[in-house]
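Below: one structure, written as structure tokens.
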Amino acid sequence: MSDLFEGFEFEHIAAEEPLCEKKKGMIKDDIAIIGMSVKVNGADSLDEFWDLMASGEDCIREVSTRRKKDIEEYIDYIGGDKQSIVYKEGSYLSEIDKFDPKFFRITPKEAALSNPRQRIFLEKAWEAIENAGYAGERIEGSKTGVFVGYIADYEGYHYKQCIQGTEGTSAMSIPGNLASILPSRISYLLDLRGPSMLIDTACSSSLVAIHMACESLMMGNCDMALAGSIRLDLMPFQVEEKIGIESSTGKTKPFDESSDGTGFGEGVGVVMLKPLSKAIDDGDNIYATILGSAINQDGASAGITAPNLFAQRDVLIDAWENAGINPEEISFIETHGTGTKIGDPIEIDAITKAFQSFTNKKQFCAISSVKSNIGHLLEAAGIIGLIRTVLSMQHKKITPTLHFNKPNQEISFEESPVYLNNRLIPWEVESARIAGISSFGFSGTNCHMILQEPPVLSRVSDKDKDLELLVFSAKTPTALIRLIQKYHRYVSENDRVKLKDMCYTAAVGRKHYSYRIAILASTMDQLRERLMLLSNNPEAEIEIDGVYRSGFINKTINNENNSLMSIREQLRTNRMEAMKSLALQYVEGMRIAWNEIYDCTQCRTLALPTYPFERIRCWYEIKEAERSKDQESYKNNPKADEKRITLKGKKEGELYTQDEELLASVIGKVLGYEEINVNKSFYEMGCDSIAFAKIKVQLQEQDVAVEMEHFFENSTIAKLALVIADSEKIIPDKKQLTRVDDKAYYQVSPGQRKMYILQSMNKMSCAYNVNSVFEIKGTLDKDRFRDAFLSLIERHEILRTVFEIHEGELVQRILPFDKELLDFSEIYLEQNRDLKDAILELIRPFELDQAPLFRVMLITDNSKKTYFMLDSHHIICDISSFYIFTNELGRLYRGEILENPKFQYRDYTYWILERQASDIYNRQRQYWLNEFKTVPHPLMLPTDYSYHEKNDLRGSSYCFNIELDLKNKLQSLSYASNTTLHMLLLSVVSLLMSKLSGQEDITIGCPIACRNQSDLHEILGIMMNTIVIRTQPIPDLSFKQYLQEVRKKVLQAYDNQEYQFEELVEELNIEHDSGRNPLFNVMFVLQNPPNLNMEDIRFEEYIYDTNYSLFDLSFVASLLEDRIQFSLTYNDNLFDLDSIMIMVERYMALLTAITENIECKLKDIHFFTSDEMNNYYSCQSAVTQIDDDFDF
């Protein structure tokens, strides 16, 4: 490759001269990195970024749903064709519309009219300042420079275009969209007096910005400097015009043979810099040292944007000379590594030629490229690479380059001084770790920088047992609560922190606001304990020893009573009283000169938690009134979506009937299809009993009455349309929900009354808590998460409902919305604490007259995995509620604007009470009374222990899976037999119970949603009922026949689902056995996992052992893509685990047997365990041997 550029080589004067070791006395020229911040896709902090890099995460994916919505609304608004948009894959930030304007003293309107690059960079600049410990008085008015790398004329769509297109030109919008204001706004807001400038050298801009900041520091133009960059792509479309380096897959594969270009991404990085000698004197936290750097230009090359091998070689050598190092000491280089066919070989050739000027050693230096994880961030690429390198030094590990399988054939790594690292490895060196970072701009400006890990500094040993004072504050009560939780997490995860350093940094290195906390502690253990108590009770009125809190402080007061000398004297003579006095003064609003109280030579600055911004949406507004007439007409036509369904399946020219079109529109809406074949089976479309129930409800609203049986007997649109056409138009009972007037108290529903009575029987029981735990895969924005829950509480009255006895009657009372109604906590498990044990301990009883009746918990375990736990009482929710809840939670988190619910649970309560007096309800009553004309004998399973008269509901659970192969066979069998998977699995549970008990009259309970009107599908609250499926598995029936009997019973139960199970029990006058459930003792549930979708975050359900069982046995199956996941909950008073495991093995044997022969008679279907089968075959073998030995 070097032959291409042979004609452009110019003499490098110093190339043959040996480099010297770093000279003594040059420490004043070295620059310390004392603060950092970063934000990329999947990481909003340094720790999260390191975790992404160390785990080798590929962050390339589609732009988030929330951002797509904003983009498409804008394109639609300006008259573009949003249907033609093709998004390019990249590493995109999940949201760019949120900002905390109040914190930065900017109006929300001005913030909305400002480029999101300015807003996001401002937040990250502040975070870097706090990370360095220089917020507040330490930086305000200082000689601090701001250097920002930014390509102002290559951002695709400009934000100001969006503003002008939607809001018109505004004088307020001008500063927020000028590139030069990006660094200037920071200087203005913080009163910084050093240089403030933009640097635009294309892809090398951010590293050049750091280089310029270092030079400014060395020349004395500033005492400290902020340097950084940001890259956003507001409209990440696939476009025809390309610059020639784009990857066809969106991924960057540095130095790999298969790579054909670079992928792109978004992100921001900021570093705070200071001369090393001054940083050491001031006790700063030093991440790394910049030993030297160099910049140059390609000059005349093969093309203005083409790389120049010799310019790249020279900039490396110049940087090494500037740093005064021996190149053999370099053990890692963060390369430019864009993955282009030409660029990659040239870069390796340049590195090789530079090293060969000083050494012949081979493969001693690792190389990598962060672009393989997050794509090319253009102007921000260099600083992101630098931050990754600094974190690698800190963790003493080199992170992998992704997508490297086979080297580019133009690169010979064997003959090179470098090797490409593609896994996480220890960074082992004999002396100090030294690394290089390269960044080359297609403008032709190149930059290389040399870093060294920070010097090891000795410090005077201190006992760290003196009483210290930790102070921190926030601008709002909510932010203070989040800050308490951040500090608690910090002390839980950092066990080597010195108390004095922590208190010094928090006091001196932070700005102090209106809501304050002061904590006295003599040891880190005592501080951890007090922060834990405070974290668990952030808003409680209870007194915590050593903790002082303030209300709102309108203004700070200068402390004129105590002179500096008197405070120091008090600290020397009576430290306890002096510290208490300082704590009280602080929370009362006194301005305290912390920097004069502390001796910085005796303390070290720490990277403490940074301020938790309270972000709100700050975005341009699309005025609804100005949308086009076409948009308005479409918006005002509620059936527009239905008309878009395309029908297939008939011969050309053959017309579709009105009933076929109606069925297609309803089924398409329920299942999400835009094109439907009228001859395709409902099962192939993905219909199950839940989908059929929804379709049935929507057809009823079109005055079409169908029974559940019709869907199974007529399994295509074409067949079902004929049934509808031949039947009379029966208008079903259509008593609609109506809004109930506001009252102080409301009646309770039958389901609520049942739950209240059950809970009242044992107020300390958690048996009626409904809880789920999910492992969070990805970076959760906790602020947005909390805000989404607050929106849910405001939307749904049931989430702020309590239950009381008023004038002798049980009533529900709805509380007004208040942020205090959210019980949201973060829990950090102590070392060696078992997660499953912790979950069970966190499930606590609810007092039904106290709101809220649900709790939200974020649990972080010892491996730093985070789990979302939702614990609620059954009186306010059911399974369907959970699906509604999680769906809306995800949408609100993504920033969607949801319409207010049409109805609330109180409206349902009055509707269901009226419906229970209707003829249709009475008809359903008659069905169930006929079904149980004779009461079945209780199921007598073989148990390990006898039934107790009193059942304490104590239980355990055992989990097992039906793997993909068997799952597929079972689904195929259900399709072929015209049933659902629910019916099939239920049939086998019933058969198992029959074989275990020897009984032929089996009852199994199944929960049912009971949401038979579409208006009920958006209401949270308990509506579900229990239906009892009673079957007779007669031994001479084939399983195929038995399955059809089960199907018939299930469909009949579906059509009569509203009649309450409790009323049935009462009418049958069953003698109640307190140790057993009436009518059934086995429950079966098949459910789909909740669709908790939060952009790039995955929520994986975490299965844990329960300690309650409402029934003898509960089979709960979750239908996953690759398996069916079962949790079998059992009564501990009846069964041992060994018996349950045998029962599961028998169930699996039955499932396997029916897939092999569905025609087999029930009496011939074996359900032996593997051990029993082995024993059977052994006995058979022995009998055969006897027969052989004796001739009869």
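The values are calculated or read from the model by the stated rules, or taken from the named source; none is laboratory data. Keep in mind the model is a prediction, meaning the values are calculated, not measured. Neighbour counts run over all protein chains shown; Cβ positions are idealised from the backbone, glycine included.
Using the structure shown, decide if Val1144 is closer than 28 Å to Pro1090 by Cβ and part of a helix (DSSP H, G or I). Reasoning before the result, please.
Values: closer than 28 Å to Pro1090 by Cβ: yes; part of a helix (DSSP H, G or I): yes.
It is true that Val1144 is closer than 28 Å to Pro1090 by Cβ and part of a helix (DSSP H, G or I).
Is it true that Gly220 is surrounded by fewer than 24 Cβ atoms within 10 Å (Cβ to Cβ) and either at positive phi or touching a strand residue (DSSP E or B) at 6+ places or on another chain (Cβ under 9 Å) (or both)?
Taking the combined requirement at face value, the residue satisfies it.
State all residues of region 818-846 that are within 25 Å of Thr478 (Cα to Cα), in a loop (DSSP other than H, G, I, E, B) and out of contact with any Cys (no Cβ under 9 Å at 6 or more places or on another chain); if no residue qualifies, say none.
Passing the criteria: Asp818, Leu822, Asp823, Leu829.
With (1) within 21 Å of the chain's Cα centre (by Cα); (2) hydroxyl-bearing (Ser, Thr, Tyr); (3) surrounded by 17 or more Cβ atoms within 10 Å (Cβ to Cβ) as the list, and Ser863 as the residue in question, which single condition is left unmet?
Every listed condition holds for Ser863 apart from (3).
Please work out if Leu986 is surrounded by 19 or more Cβ atoms within 10 Å (Cβ to Cβ), touching a Ser or Thr at 6+ places or on another chain (Cβ under 7 Å), closer than 28 Å to Tyr1102 by Cα and touching a residue at least 12 places away in the same chain (Cβ under 8 Å).
When the stated conditions are applied, Leu986 does not pass them.
Pick out the one residue from Asn595, Asn554 that is part of a loop (DSSP other than H, G, I, E, B), at pLDDT below 95 and of a type outside the set (Lys, Arg).
Asn554
Quick test for you: out of Leu964, Leu953, Leu898, Leu939, pick the one residue that is surrounded by fewer than 14 Cβ atoms within 10 Å (Cβ to Cβ) and in contact with a strand residue (DSSP E or B) (Cβ under 7 Å, 6 or more places away or on another chain). Outline the logic, then answer.
Details: Leu953 fails: surrounded by fewer than 14 Cβ atoms within 10 Å (Cβ to Cβ); Leu898 fails: in contact with a strand residue (DSSP E or B) (Cβ under 7 Å, 6 or more places away or on another chain); Leu939 fails: surrounded by fewer than 14 Cβ atoms within 10 Å (Cβ to Cβ).
After applying the criteria, what remains is Leu964.
Might you check whether a residue that is within 20 Å of Leu377 (Cα to Cα) and β-branched (Val, Ile, Thr) occurs anywhere in region 178-198?
Looking for residues that are within 20 Å of Leu377 (Cα to Cα) and β-branched (Val, Ile, Thr), one finds none in region 178-198, hence no.
Conditions tested, residue by residue: (1) assigned by TED's automatic domain parsing to the domain that holds Gly509; (2) buried (at least 21 other Cβ atoms within 10 Å of the Cβ); (3) in contact (Cβ under 8 Å) with a residue 12 or more places away in the chain; (4) over 30 Å from Leu93 (Cα atoms).
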residue	(1), (2), (3), (4)
Val270	no, yes, yes, no
Leu273	no, yes, yes, no
Lys278	no, no, yes, yes
Asp284	no, yes, yes, yes
Ile290	no, yes, yes, no
Ser301	no, no, yes, yes
Ala306	no, no, yes, no
Gln312	no, yes, yes, yes
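If we keep just the residues of region 598-619 that are assigned to a helix (DSSP H, G or I) and either surrounded by 17 or more Cβ atoms within 10 Å (Cβ to Cβ) or of a type in the set (S, T, N, Q) (or both), which is modelled with the lowest pLDDT?
Top of the filtered list is Thr601.
A quick yes/no check of all residues on (1) under 25 Å from Pro1007 (Cα atoms); (2) not hydrophobic (A, V, I, L, M, F, W, C):
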site: Ile843; (1), (2): yes, no
site: Phe846; (1), (2): yes, no
site: Ile859; (1), (2): no, no
site: Met869; (1), (2): yes, no
site: His874; (1), (2): yes, yes
site: Thr886; (1), (2): yes, yes
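Quick one: in region 1111-1131, which of the residues that are crowded, with 18+ Cβ neighbours inside 10 Å and assigned to a loop (DSSP other than H, G, I, E, B) is nearest to the chain's Cα centre (by Cα)?
Phe1111
Can you confirm whether region 907-922 contains a residue that is within 25 Å of Gln1052 (Cα to Cα), out of contact with any Cys (no Cβ under 7 Å at 6 or more places or on another chain) and free of Cβ contacts under 8 Å to residues at least 24 places away in the same chain?
Yes, region 907-922 has at least one match.
Would you be able to tell me the number of residues in region 757-767 that are surrounded by fewer than 18 Cβ atoms within 10 Å (Cβ to Cβ) and part of a helix (DSSP H, G or I)?
Filtering region 757-767 for residues surrounded by fewer than 18 Cβ atoms within 10 Å (Cβ to Cβ) gives 757-758, 760-765.
This time we only want the ones that are part of a helix (DSSP H, G or I), so: 757-758, 760-761.
The qualifying residues number 4.
Just give me the residues in region 902-948 being aliphatic (A, V, I, L, M), assigned to a helix (DSSP H, G or I) and over 26 Å from Asp1001 (Cα atoms), in sequence order.
Ile912, Leu913, Ile920
Conditions: (1) of a type in the set (Lys, Arg); (2) under 27 Å from Asp260 (Cα atoms); (3) crowded, with 19+ Cβ neighbours inside 10 Å. Arg433 meets all but one. Number of the miss?
With respect to (1) of a type in the set (Lys, Arg); (2) under 27 Å from Asp260 (Cα atoms); (3) crowded, with 19+ Cβ neighbours inside 10 Å, Arg433 is out only on (2).
Here are some residues: Leu870, Leu892, Leu966. Which one is in contact (Cβ under 8 Å) with a residue 60 or more places away in the chain, more than 30 Å from Thr1152 (Cα to Cα) and part of a helix (DSSP H, G or I)?
Leu892
For the condition touching a helix residue (DSSP H, G or I) at 6+ places or on another chain (Cβ under 6 Å) and part of a strand (DSSP E or B), what is the one hit in Val740, Val811, Val770, Val802?
Val770
Based on what the data block shows, is Ile1022 buried (at least 18 other Cβ atoms within 10 Å of the Cβ) and either in contact with a His (Cβ under 8 Å, 6 or more places away or on another chain) or at pLDDT below 90 (or both)?
yes
So which residues in region 407-432 are touching a Pro at 6+ places or on another chain (Cβ under 8 Å), in a loop (DSSP other than H, G, I, E, B) and farther than 25 Å from Glu453 by Cβ, if there are any at all?
Result: Asn408, Glu410, Ile411.
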